[in-house]
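These notes concern the structure reproduced below.
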């Protein structure tokens, strides 16, 4: 890989699948293999289990000199604990954003609780990475983007895929990003539906599309190959792989 | 910016035709342009007409497309919803030159415990035609392995992602006829793990073009920390062995 990469969607920690490349040594090896200059990690433990333990373990592993930055994960089921985590970590230079996963917490993205956390974190001026995998998730992010015009929201997985193979989730996400300038699209997902990168660039522009790997769950090559294969310009690829994230995360 | 595919490639998972669920160019011309762009030596391919309309017409279209182009190897489909259980229909597929049979479980909604499907599994015995099936969720592979065990034909599971890894590894030990296709093997160390646990001989390269992006599948193999010999087996020679040679 000759193009430098910043990974806007990475995880630190284990998953409940047979994946052994999940420690920091394996992560650094993957970053080197794919020419990643930086990556923003959230803790898988904080997402699927305990935010306090997970955020703490992540913090202990962050190393900005090696390009290893973090998202602080919040869980709106635990409002006060989440606010405590924001206060503890978000002003640190190691942390470049907030991560929220609606599926594992069971809390909708556009919920009273999450809105309260956005208001709490807004003064730190750091983006939110939100897991989106349905049209409802996309609509929820749209609502938040409208309500919090000064906050930048990253749609993780660009709305995701669905069983029907129609692409309607990611098409909705592209529409949302084309309407709201504070919505960014992060494009990793397991299914590789050809044409989605081209459509995102055509309708939303390449300035707010971000490369994300979803490592340590997914292989960075998966999404790198998607962008490499896509029929967009070299300049667009450079923006998606590196330039947009460098600007957004102030790296 | 195209990845130069230095290794010889045979792709078990390609389609052509028309895709009704969203606008995308799936034409035969598009498939061939991708084959040429990425220097793919051989592809197993099948008309999407078999998936969405009529497998008999689809099979005819597949044969016509592959006729005269040695890079294209025809795959037949049988839609269990329209299958009346005839053995002669399956024998005819083999006689006409199809080299594998594919089920479109990802687009056709039928359960696995379904008489026409079970009859098809039985009727494929002795036909020497590998069976390609898309993995649609937990447990499907377990049932397929059980229903096809001891029948003498290989089964290649397509579309297996991180959620299918443990199921495949556990099943592969007692089901030597089971193989895994690579297009969605997307964990960071899937190839290293599978090579170690089940051996590279059970891994078959597939991309899903033109519905998928080719380089996603290719890069995952090319960048895996496995031997060059294993990569060659995965990308080409395992499929050649399964088919007992390419035309």
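Read-outs throughout are calculated quantities, based only on the coordinates presented, and are distinct from any laboratory measurement. As the structure is a computational prediction, the values presented were derived from the model and not from experiment. We place every Cβ from the backbone using ideal geometry, glycine too, and count neighbours over all the protein chains shown.
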request  = Compute the Cα gyration tensor for the stretch B:1-155, then decide on rounded, prolate or oblate, letting a ≥ b ≥ c be the square roots of its eigenvalues: rounded whenever a/c is under 1.5, prolate when a/b is larger than b/c in the other cases, and oblate in all that remain.
outcome  = prolate
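Give the average, rounded to an integer, of partner chain Cβ atoms located within 10 angstrom of each Cβ in B:186-198.
Numbers: counts 15, 14, 19, 9, 7, 1, 2, 4, 1, 0, 1, 1, 0.
Per-residue shielding by partner chains comes out at 6.
Classify the stretch B:66-210 as rounded, prolate or oblate, taking a ≥ b ≥ c as the square roots of the eigenvalues of its Cα gyration tensor: rounded when a/c is under 1.5, otherwise prolate if a/b is larger than b/c and oblate if not. Intermediate values should be presented prior to the final figure.
Details: a/c = 1.74, a/b = 1.38, b/c = 1.27.
Prolate.
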query = To two decimal places, what compactness ratio does the stretch A:5-248 give when its Cα radius of gyration is scaled by 2.2 N^0.38 Å?
reply = 0.92
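Cut-off is 10 Å between beta-carbons; in what order do A:34, B:107, A:17 appear when sorted fewest neighbours first? Walk me through the numbers on the way to the answer.
On the way: A:34 22, B:107 18, A:17 14.
Listed from fewest to most nearby Cβ atoms, that is A:17, B:107, A:34.
Can you tell me which of B:7-17, A:214-224, B:56-66 comes out highest on packing, and rank the rest after it, using the mean Cβ neighbours within 10 Å? Could the numbers behind the result be given before it?
Numbers: B:7-17: 24.3, A:214-224: 27.6, B:56-66: 19.3.
Taking the mean over residues of other Cβ atoms within 10 Å, the ranking is A:214-224, B:7-17, B:56-66.
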query = Arranged by the count of other C-beta atoms within 10 angstrom, fewest first, what order do A:137, A:63, A:236 take?
reply = A:63, A:236, A:137
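So, by mean Cβ neighbours within 10 angstrom, what's the order for B:29-41, A:97-109, B:202-214 with the highest one leading? Numbers along the way, then the final one.
On the way: B:29-41: 17.0, A:97-109: 20.2, B:202-214: 26.5.
Ranking the peptides B:29-41, A:97-109, B:202-214 by packing returns B:202-214, A:97-109, B:29-41.
Could you line up B:183, B:109, A:22, A:181 from fewest to most neighbouring Cβ atoms inside 10 Å? Please list the in-between numbers first.
Values: B:183 29, B:109 9, A:22 20, A:181 14.
Lowest count first: B:109, A:181, A:22, B:183.
What are the semi-axes of the equivalent ellipsoid of the protein assembly as shown, taken as the square roots of 5 times the eigenvalues of the Cα gyration tensor, listed largest first and rounded to whole Å?
Numbers: eigenvalues 341, 98, 94 Å².
In descending order the semi-axes read 41, 22, 22 Å.
Nearest 500 deg cm²/dmol is fine: what mean residue ellipticity at 222 nm does chain A get from its DSSP H runs of n ≥ 4 alone, each adding -39,500 (n - 2.57), divided by its residue count?
On the way: 12 runs with 105 residues, N = 251.
-11500 deg cm²/dmol, from helical runs alone.
Only bridges whose two residues both fall in the protein assembly as shown count here: according to DSSP, what percent of them are antiparallel, nearest 5?
5
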task = Partner chain Cβ atoms within 10 Å, averaged over the residues of B:133-141 - can you pull that number for me?
result = 0
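For peptide B:117-130, how many partner chain Cβ atoms fall within 10 Å of a residue's Cβ, on average? Write out the running numbers ahead of the final one.
Working: counts 0, 0, 0, 0, 0, 0, 0, 0, 0, 0, 0, 0, 0, 0.
Partner-chain Cβ atoms within 10 Å, mean over residues of B:117-130: 0.
Out of all DSSP beta bridges with both ends in the stretch A:5-248, state the antiparallel percent to the nearest 5.
Working: 1 of 26 bridges.
Antiparallel: roughly 5 percent of the beta bridges in the stretch A:5-248.
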